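Here the structure comes first, spelled out in structure tokens, and everything after it is commentary.
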Amino acid sequence: MIRRTPVRLALGGLALLLGLLLWLPCVHWVFRPALGEVRSESGIPLRAKELAARQLRLWNDPVARGAELARMRSTNPEWDFMGRTFLVLALAEMSLRDPALQATNLATMDFVIEDTLRLERERSMHTFLMPYSRSRPFVRQPERSLFIDSEIALMLGARRLVAEKPGFAPLMTERITAMAERLQQSPALAVESYPDECWLFDHAMALAAFRVADVLDGTDHRALTQAWLANAKRTLIHPQTGMLVSNYTAKGQPMVGPEGSSIWVAVHCLRLVDEEFARDQYRRARRELGRELLGFGWSREWPLSWRDHPNVDSGVVIPVLDASAGGSGLAFVAASSFRDDDFLLKLHTSLEFAAFPQRRAGEMRYCASNQVGDAALLYSLVIGPMWDRLKEGRK
Amino acid sequence: MKTIRWPRDFAFNCAVTLLVIWLVLHALGWRESVSVLSGTLPAGWNREAAAGCAFSYLLAYFGVVLVAPALLLSALFRWLIVRFKP
């Protein structure tokens, strides 16, 4: 018996090893969705309908909405704001895909936008910024945040692209004008989102908003956009990766390197103004940040050539795999925008595997996510008609 | 009538144990606690409890999804070896 124990153990270990070798490469097939479930050139994937149903219910139920937003705001008030932006963009895309949804979607879009403007008016822009926005004065006075201005302008523009609404045009023009003036007056073409802190994400959003304004209102921000792009290619490129850095000072000095939580949405926005440059940045981000293993895909927050500590933007970073919750969530937007179906399917496989989808009464949410995460995922599922129209210059 | 005997294979029993643990945690509603992965606390939970429950739930879930099927396969291999050994 004593002599047989090592043999039994060895046999058991060998059998387990064989089991793992056979099973692990197959796991992804259990969770991998069909491409039509996650990206469609026309119509709305079922998953998007279910995610949207839950988002619409949240925005039409003050108690549920208050609880959900409070949970996010206790960690980061920016998420409340970005959740609004992604939702409005998603509802606009859905309305263009299916005009039957317009009435419901427009009502929610208007409510979200008006509620956002009201909160900004009553509590100041700081209500959507992290507390360090008050830690010191903005370099440029009077203080404004490009984070706030760019996303509000884009929300207003998306709404107006679906259907014009009296009163929204001047509100959008005011934001566009303010952003353009500040960009023109900055020698480094850098506008603050936080005191002496300028973000690629927000500048890319601003360029997208300029494009919407040009299409809707016949303005022309091409020269300013080209100047920003030329300056960015000259001064904001990370030497080791060739990718745009995430943030920089008001004088245009890079503060950090590239980050997944910035670059994925930035390249999606930059598609509207410089497709070739955006695609090159996407390829670099895919190479430096995109990771795949056994049919699963995810994003790192930082490339191998530099790294920071996990923070509110990166979200939880899973050790060994280096999977960043923030970076991976936003990688869906870029993969969908650039129609990178292989990476998109691998990202969705990971999502089904590790984000714990919960479906109830025609609604869906991911337990491991929150409102802003679900809204970004929803947006990634329906990206298409609005961006295509903007690229073509069609209203 | 022939009685069905519970397999005495260690790997098989481990797989069943993992499944039972996960089912218990799932029934307790600990799935909600994994929202800590997004930096958001589930409604009505404190940070420490949510983190502890999320860690336990994730461990149990990955045990069921990644390890239990491999254990079942290994139990099958062992049974085949014993059954057909010369």
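So, taking all protein chains as they sit and a 1.4 Å probe, how much accessible area belongs to A:I318, in Å² rounded to tens?
Looks like 70 Å² after rounding.
Nearest 20 debye, what's the magnitude of the dipole of the protein assembly as shown about its Cα centre given +1 on Lys and Arg Cβ and -1 on Asp and Glu Cβ?
Result for the protein assembly as shown is approximately 2100 debye, rounded to the nearest 20.
Among the residues of the range B:27-58, which ones have their accessible area go down by 50 Å² or more when all the protein chains sit together, as opposed to their chain alone (1.4 Å probe)?
Listed in order, they are B:R31, B:E32, B:L37, B:S38, B:T40.
Over the C-alpha atoms of chain B, what are the Rg and the largest Cα-to-Cα span, Dmax, in Å?
So, for chain B, Rg and Dmax equal 17.8, 61 Å respectively.
Ranked by accessible surface with a 1.4 Å probe, highest first, in what order do A:D202, A:D388 come?
So the residues, ranked largest to smallest area, are A:D388, A:D202.
Using the Karplus curve 6.51 cos²θ - 1.76 cosθ + 1.60 with θ = phi - 60°, what ³J(HN,Hα) values do you get for each residue of the range A:86-102, in whole Hz, with x for Gly and Pro?
Values, residue by residue: 4, 5, 4, 4, 5, 5, 5, 4, 5, 5, 6, 6, 9, x, 5, 8, 4 Hz.
With a 1.4 Å probe and all protein chains left in place, how much accessible area per residue does the range A:257-305 have, in Å²?
That works out to 32 Å² per residue.
Would you mind telling me which residue in A:Q358, A:Q281, A:Q371 has the biggest mean-square fluctuation in a Gaussian network model of chain A, where springs connect alpha carbons within a distance under 10 angstrom?
Among A:Q358, A:Q281, A:Q371, the largest GNM mean-square fluctuation belongs to A:Q358.
Summarise the long-distance tail of P(r) for the range A:213-348 by giving the % of C-alpha pairs beyond 25 Å.
Of all Cα-Cα pairs in the range A:213-348, 27 percent lie more than 25 Å apart.
Could you please put B:R31, A:R284, A:R84 in sequence from largest to smallest accessible area, using a 1.4 Å probe?
From most accessible down to least: A:R284, B:R31, A:R84.
Once each part is reduced to its C-alpha centroid, what is the distance from the range A:2-65 to the range A:157-197 in angstrom?
What the calculation gives is 41 Å, centre to centre.
Please list, in chain and number order, the residues 5+ apart from A:L244 or on another chain whose amide H is under 5 Å from its amide H, with Hs placed from the backbone.
Excluding prolines and chain starts, which carry no amide H, the hits are A:H238.
Given the C-alpha centroids of the range A:222-251 and the range A:347-393, what is the distance between them in whole angstrom?
29
Heavy-atom accessible area of A:W23 with all protein chains present, probe 1.4 Å, nearest 10 Å²?
Surface accessible to solvent at A:W23 totals approximately 50 Å².
What residue among A:L24, A:L236, A:L56 has the largest mean-square fluctuation in a Gaussian network model of chain A, using Cα springs under 10 Å?
For chain A, modelled as a Gaussian network with Cα springs under 10 Å, the answer is A:L24.
Using a 1.4 Å probe and counting only protein heavy atoms, arrange A:D149, A:D313 so the residue with the most accessible area comes first.
My answer, sorted largest first, is A:D313, A:D149.
Determine the relative contact order of chain A: mean sequence separation of Cα pairs under 8 Å and six or more apart, normalised by residue count, in whole percent.
22
For chains B and A, what's the summed buried accessible area, probe 1.4 Å, to the nearest 100 square angstrom?
Buried surface at the B/A interface: approximately 2400 Å².
Per residue in the range A:69-112, which ones lose no less than 40 Å² of accessible surface when going from chain alone to all protein chains (1.4 Å probe)?
Listed in order, they are A:R71.
Out of A:I113, A:L58, A:H126, whose Cα points farthest toward the positive end of the dipole of chain A (charges: +1 Lys, Arg; -1 Asp, Glu; placed on Cβ)?
With unit charges placed on the Cβ atoms, the residue in question is A:L58.
If the limit is 27 Å between Cα atoms, which of A:K49/A:K233; A:K49/A:K165; A:K346/A:K395; A:K49/A:K346 go over it?
A:K49/A:K233; A:K346/A:K395
Have a look at A:Y282, A:T5, A:A335 and report the one farthest towards the positive end of the charge dipole of chain A, computed about the Cα centre with Cβ charges (Lys/Arg +1, Asp/Glu -1).
A:T5
Which whole-number percentage describes the relative contact order of the range A:1-144, with Cα contacts under 8 Å and a sequence gap of 6 or more?
That works out to 18 percent.
The values are calculated or read from the model by the stated rules, or taken from the named source; none is laboratory data. Since this is a predicted model, take the numbers as computed values, not measurements. Neighbour counts run over all protein chains shown; Cβ positions are idealised from the backbone, glycine included. Surface accessibility is based on the protein's heavy atoms, side chains included, excluding ligands, DNA and RNA. Shrake-Rupley method; radii C 1.70, N 1.55, O 1.52, S 1.80 Å.
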